[in-house]
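The numbers here are math on the coordinates, done by the rules we state, and not lab data. Every value quoted in this text rests on a predicted model; they were computed, and no experiment measured them. All Cβ positions, glycine included, derive from the backbone under ideal geometry; neighbour counts span all protein chains shown.
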Amino acid sequence: MGRTATVKRVVTIVPGVLLFLLFFKGAAAVYADETLMPIFGEGRVQVRLYTDYLCGPCSRMEPRIESLLKDLVKKKAITLTLVDTPIHTLSPLYARYFLYILSQEKRLDRILRSRAVLFGAVREKVATPEKLEGYLKAHGVRFKETDVGPTLAALSVLIREDKIRSTPMCVIITNGNKGVFKGEAEITGALGLLK
């Protein structure tokens, strides 16, 4: 099985990171040495998937591409980075809990299942940390509150670098060439070509 979650070092803070951290209320300071990143696989092709739990198209797309993502990672065709993108008011809450889950779960299949549970919580209109914790526990999703500041800083760098302004979006980097795909149809088609 390929690499599941990767630890990367955060060495600089670029403009925009502080705005991202302010948006994620309760995030810790950004000076820790190591960062747990939602990166899966060992493929040469880099795939960055930008979604938001409160985005209707994202909610419809993720279940449809789940098996394709698992297959591409298993075949070592891609290295997948899941980037929760703060578009809506409740986005920071859900993104923070995704990182809490990531601190406990490292396998891609379990992470994708947990993401499906988070999308379900949105459909149920779960809007507070207490209710979200109860919802996750009721669905058997493990999580642990942890310092997410360094991870948010690193993800903010990607969001800024890829100029992400809406979701769903996918950035695919092959041999130094970057392709940007928007919406379910484009993203699904582009991922399908990587098989």
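General remarks:
- Shape of region 69-120, Cα gyration tensor, a/c cut at 1.5: prolate
- For region 145-183, the residues whose backbone nitrogen is under 20 Å from a point 7 Å from the Cα of V45, taken along Cα to Cβ, are 162, 168-183.
- Theoretical FRET efficiency, 1/(1+(r/R0)^6), r = Cβ-Cβ of R60 and E186, R0 22 Å, to 0.05: 0.95
- Here H139 and N175 are evaluated by their C-beta separation; at R0 = 30 Å the FRET efficiency comes out at 0.15.
- Rounded FRET efficiency, nearest 0.05, which uses the C-beta distance separating E161 from K106 and R0 of 22 Å: 0.30
- Within region 94-185, GluC sites (Glu not before Pro) in DSSP loop having at most 16 other beta-carbon neighbours inside 10 Å: E124, E145
- Each part gets one Cα centre, and for region 45-92 versus region 128-162 those centres are 15 Å apart.
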